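Since the structure comes first, as structure tokens, the remarks are kept for the end.
The values are calculated or read from the model by the stated rules, or taken from the named source; none is laboratory data. Since the structure is predicted, the reported quantities are computational estimates derived from the model, not experimental observations. Please note: Cβ atoms are built from the backbone with ideal geometry, for glycine as well, and neighbour counts cover all protein chains shown. The protein model used for the area step is the full one, side chains on, heavy atoms only, and it has no ligands, DNA or RNA in it. Shrake-Rupley method; radii C 1.70, N 1.55, O 1.52, S 1.80 Å.
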Amino acid sequence: LTKMLQPRLWICLALLAFASLRLTNGHSSSELRTGDVRAAARVRESPLSLSRLSMYPSSKVQAMVRSFARATPHALPTGSIHAPWPDSRIAQSDLGDSDDGHVHAEPDSSAEEHLTESADRLWAHCRALSVVRVPDTAPHAAVRSYLRMALEKSSLSFEFEERSHTALTPLGERRFTNLVATYDPSNVASRSRLVLAAHYDSKYFEDSDETYVGATDSSVPCALLLEVITLLEDRILTAKPLERPALQILFLDGEEAFEKWSDTDSLYGARQLAQEWETENQLNGIELLVLLDLLGAEKPMFFPTHASTVPFFQWLVEIEKSLLEQHLLRAKRGTVPYFTSTRRLIGAGIEDDHVPFQLRGVPILHLIPVPFPPQWHKVTDDLEHVDRMATMDLLN
């Protein structure tokens, strides 16, 4: 566990053990739905669900996470600081006492350079993805192509599927396409795997669809997934073959409702893919589905939402404590932690892309800030309102 509590492992375990949770009906803070409650009654008896609600994740998932841990660099040396985003550099006068009461050491030049490169890549992804991308439009298809091309550059040699289907929406028929990237070093399709997911579409607004780009919802989460793969790939490939994890990256389409969130006007891509994988018997191999959403706002707070994956969330709590002790978190947020396990939102009726999979018994780790970002579903959900330090904290 000591080796796991490394700064660079924050998002690695966060994506192995993390997911974006969406309060209320996924897109309405005034209505609580009961998806979690319904799902709890249907979750299969598996090593990761009802039969293992203990302090530790199942042995299979522990082994898979350990594989990622071994494949992860021992990030920054103690005493170094986070590099800022490329256009928001920390002045030397900012080093020292911070709002959280910790004294931050002088930067390590090599570590700072490495983190600046990572920040540059992440910000470039955010800029490329933060465009209007309503499903079944040309910009939407261009964003999907960008996501695929970014992963094609990876040394992990992903195999790609673009699974398309047509569905009836309040605006008529629309074509939705889920992008699935699979890395399976053993080339065994039935092998247990980790699934990391985010949606890549942006919400449709009749009066403002030319300006709403949905940075936190959800171009920043997509960008984080791309950068995490870049940070992990070399170490995964240098690990022993049998220790290399099988994983899938899902960029899901049609999460947003076109009019009002309902069982039929939302989660178009997730509902379709979960149904297809159930028919193809591909769900049983998912040891954990990690969903990211609404990331990038200032002072995010995360709470556990699924009983079967509380142990993974607790790992994140411990990782954050370790980072604080090493003075490796830079966002100014006082003493409020990112991850809190003392308050739980299990059974809160949170709906997001995880629901169709959860209803079929897939274990879910879902991360979304509660409360939602203040710019949620507003034209101000753009890159100018992204808290870059907090986003880098989540990455590092």
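Could you tell me whether any residue of segment 278-286 is of a type outside the set (K, R), assigned to a helix (DSSP H, G or I) and under 30 Å from E173 (Cβ atoms)? Yes, the conditions are met somewhere in segment 278-286. From the list E227, E152, the one residue that fits, being among the acidic types (D, E) and either without any contact (Cβ under 8 Å) to a residue 40 or more places away in the chain or open to solvent by 60 Å² or more (accessible area, probe 1.4 Å) (or both), is E152.
For the structure I just gave you, tell me whether R175 is charged (D, E, K, R) and either in contact with a helix residue (DSSP H, G or I) (Cβ under 9 Å, 6 or more places away or on another chain) or over 17 Å from R271 (Cβ atoms) (or both). In short, no.
Residue-wise test of (1) under 18 Å from E255 (Cα atoms); (2) in contact with a Pro (Cβ under 9 Å, 6 or more places away or on another chain); (3) modelled with pLDDT of 95 or more; (4) surrounded by 17 or more Cβ atoms within 10 Å (Cβ to Cβ).
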position: G334; (1), (2), (3), (4): no, no, no, no
position: R343; (1), (2), (3), (4): no, yes, no, no
position: I346; (1), (2), (3), (4): no, yes, no, no
position: I350; (1), (2), (3), (4): yes, no, no, yes
position: H354; (1), (2), (3), (4): yes, no, yes, yes
position: P371; (1), (2), (3), (4): no, no, no, no
position: N396; (1), (2), (3), (4): no, yes, no, yes
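Does at least one position in segment 121-136 carry a residue that is open to solvent by less than 60 Å² (accessible area, probe 1.4 Å), farther than 30 Å from Q326 by Cβ, among the aromatic types (F, W, Y) and at pLDDT 90 or above? No, there is no match, as no residue in segment 121-136 is open to solvent by less than 60 Å² (accessible area, probe 1.4 Å), farther than 30 Å from Q326 by Cβ, among the aromatic types (F, W, Y) and at pLDDT 90 or above. Regarding segment 374-389, can at least one residue be identified that is of a type in the set (A, V, I, L, M, F, W, C), in contact with a strand residue (DSSP E or B) (Cβ under 9 Å, 6 or more places away or on another chain) and not in a loop (DSSP other than H, G, I, E, B)? Within segment 374-389 (the criterion being of a type in the set (A, V, I, L, M, F, W, C), in contact with a strand residue (DSSP E or B) (Cβ under 9 Å, 6 or more places away or on another chain) and not in a loop (DSSP other than H, G, I, E, B)), the answer is no, since none of the residues qualifies.
Of the residues screened, F302 is not one that is among the aromatic types (F, W, Y), in contact with an Asp or Glu (Cβ under 9 Å, 6 or more places away or on another chain) and buried (at least 21 other Cβ atoms within 10 Å of the Cβ). Annotation: of all residues in segment 310-344 being in contact with a strand residue (DSSP E or B) (Cβ under 6 Å, 6 or more places away or on another chain) and part of a helix (DSSP H, G or I), the one that is farthest from L291 (Cα to Cα) is E320. Of everything listed in (1) more than 19 Å from M389 (Cβ to Cβ); (2) part of a loop (DSSP other than H, G, I, E, B), the single unmet condition for L365 is (2).
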